[in-house]
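See structure below.
The values are calculated or read from the model by the stated rules, or taken from the named source; none is laboratory data. Since the structure is predicted, the reported quantities are computational estimates derived from the model, not experimental observations. Cβ: placed from backbone, ideal geometry, glycine included. Neighbour counts: every protein chain shown.
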Amino acid sequence: MFISVLELLKIGIGPSSSHTMGPMAAARDFLARTRQTIKSQQHRGHTRIRCTLKGSLAATGKGHGTDRAVLLGLHGHTPEDLAERDVDALVADLGTATTLFIDAALTVGFSADEDIIFDRGARLPEHPNGMIFEWQDDAGQVLLSETYFSIGGGFIKTLAEISELIAPLGIAPDITVPHDFDSGKSMLTMSAATGLSIAAMKRANELTFISGQTLDQGLDALWQAMQTCVRNGLAAEGSLPGGLNLLRRAKSLSEQLHQADNNVSVNDWLCAYAMAVNEENAAGHMVVTAPTNGAAGVIPAILYYLIHHEGGTIEQVRIFLLTASAIGSIIKYRSSISGAEVGCQGEVGSAASMAAAGLCAARGGTPAQIENAAEIALEHHLGMTCDPVGGLVQVPCIERNGFGAIKAYTAASLAIRGSGQHFMPLDSCIAAMKQTGLEMSEKYKETSLGGLAVSITEC
């Protein structure tokens, strides 16, 4: 089982990896398939593309910018190339278009207002984040159709692909790596047998496909993007978009902490840094999916504190990210990182588990201590619902990242002071998360139909 650190952690834009980045990738893929079909059939009649959003994408897609993402993807954009652009201005410009470019002599019809359909009926059975793209002729006959699922972290699968998978992963079954661990138990067993750290095993696996220089450049680019996101969030003011009129707080909080002399705790700084990232995410700006956008603030907050308050090094950052991705890959393989599948325990819970493991490793923890740190952080997020107010990644998501960072820091500190021996294995905790998610009501899995999302009394 192998998922690259550079796939699990990706530079993109907010507000949601599953509701924004995934649909954008699906739309771009369907555009490519349509182009290929048109050219192979030499079809020149008037046609159009339509997208029907299902399940959670329909329920909270407006608040998560799913319609914007589909629009951008059908015009050929990717999350990566939008990280430094004014997305609002681009969407405003593309939103008036009524056609999509196929080649120099051909376009197909598409209007964002008319051709993106939020179907709030029954969800598709395979996954709560489904979308159906169709290329139709003038009579409404479907010339080409594809069903996609956004499975968390920006990963997508087609209907054929998701039905072939044991777990919804972005991996191929025939990939061979030197240290093929797919559980916490096998990870510890391989580490003991080889004498290698978790980060070293993960690095060796990565080097099967890319050079050491490319890997380090990728890891460093992720860290630079995280730092930029923290700093941008700490500098920004005003209200966040979406209608809640929620004021940004990270800048004010940071300024207060700088003026407070010694009366400041690590918890204060972690909240400031995590909230800065997730305010940027809520604004639709650049973030790193770590492992999702909704949980994008946890890992950067821990890393930023490690570097800027504890004198950490770039080598510690690389160890952190490699270790964190090893834990995140196990969680994704054995359960889910999607709030629409298992609630926020799969997003902030997974991010906290990854961050705790990464920090423990960066501080020199043993593999057993690292596995313990990951378990502690995940255990104390079990049962956490995903119930965003207004379908926006704002309340409770922004503050929740601060608390996720605090739990991660505490878990790492607790684990590294222990022997590594503990009662509840990480694998059992992941299994509990999966089962809890399966038993959790759909109202609490990114549909905004329960919990905090329906507990606001408007005066």
Open item on the list: So, restricting to helices (runs of 4 or more DSSP H) that lie completely within segment 260-335, which ones have at least 2 residues that are surrounded by 24 or more Cβ atoms within 10 Å (Cβ to Cβ) and in contact with a strand residue (DSSP E or B) (Cβ under 7 Å, 6 or more places away or on another chain)?
Closed with: 266-282
Open item on the list: Here is a check on your reading of the model: is F155 modelled with pLDDT of 95 or more, hydrophobic (A, V, I, L, M, F, W, C) and not assigned by TED's automatic domain parsing to the domain that holds H422?
Closed with: no
Task: Given (1) farther than 30 Å from I117 by Cβ; (2) among the hydrophobic types (A, V, I, L, M, F, W, C); (3) assigned to a loop (DSSP other than H, G, I, E, B), index of the condition M187 fails - done: (3)
Open item on the list: Being at negative phi and free of Cβ contacts under 8 Å to residues at least 12 places away in the same chain: is that true of D86 here?
Closed with: yes
- [ ] Inspect segment 164-178 for any residue being modelled with pLDDT of 95 or more and not small (G, A, S) and give the result as yes or no.
- [x] yes
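Picking from I370, I398, I376, which residue would you name as being within 17 Å of the chain's Cα centre (by Cα), among the aliphatic types (A, V, I, L, M) and assigned to a helix (DSSP H, G or I)? Spell out the reasoning first.
Working: I370 fails: within 17 Å of the chain's Cα centre (by Cα); I376 fails: within 17 Å of the chain's Cα centre (by Cα).
Exactly one of I370, I398, I376 is within 17 Å of the chain's Cα centre (by Cα), among the aliphatic types (A, V, I, L, M) and assigned to a helix (DSSP H, G or I), namely I398.
Taking the conditions exactly as written (polar (S, T, N, Q), farther than 20 Å from S145 by Cβ, in contact with a helix residue (DSSP H, G or I) (Cβ under 9 Å, 6 or more places away or on another chain) and surrounded by fewer than 22 Cβ atoms within 10 Å (Cβ to Cβ)), does T78 satisfy them or not?
Values: polar (S, T, N, Q): yes; farther than 20 Å from S145 by Cβ: yes; in contact with a helix residue (DSSP H, G or I) (Cβ under 9 Å, 6 or more places away or on another chain): yes; surrounded by fewer than 22 Cβ atoms within 10 Å (Cβ to Cβ): yes.
For T78, the condition - polar (S, T, N, Q), farther than 20 Å from S145 by Cβ, in contact with a helix residue (DSSP H, G or I) (Cβ under 9 Å, 6 or more places away or on another chain) and surrounded by fewer than 22 Cβ atoms within 10 Å (Cβ to Cβ) - is met.
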TODO: Only residues that are crowded, with 24+ Cβ neighbours inside 10 Å and not hydrophobic (A, V, I, L, M, F, W, C): list them for segment 13-46, please.
DONE: G14, P15, S16, S17, S18, H19, T20, G22, P23
Open item on the list: If I go through segment 2-55 residue by residue, how many of them are in contact (Cβ under 8 Å) with a residue 24 or more places away in the chain and on the phi > 0 side of the Ramachandran plot?
Closed with: 1
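Does any residue of segment 379-386 turn out to be part of a helix (DSSP H, G or I), out of contact with any helix residue (DSSP H, G or I) (no Cβ under 7 Å at 6 or more places or on another chain), surrounded by fewer than 24 Cβ atoms within 10 Å (Cβ to Cβ) and in the same structural domain as E439 (by TED's automatic domain parsing)?
no
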- [ ] Could you tell me whether any residue of segment 105-113 is in contact with a helix residue (DSSP H, G or I) (Cβ under 6 Å, 6 or more places away or on another chain), buried (at least 24 other Cβ atoms within 10 Å of the Cβ), not in a loop (DSSP other than H, G, I, E, B) and not β-branched (V, I, T)?
- [x] no
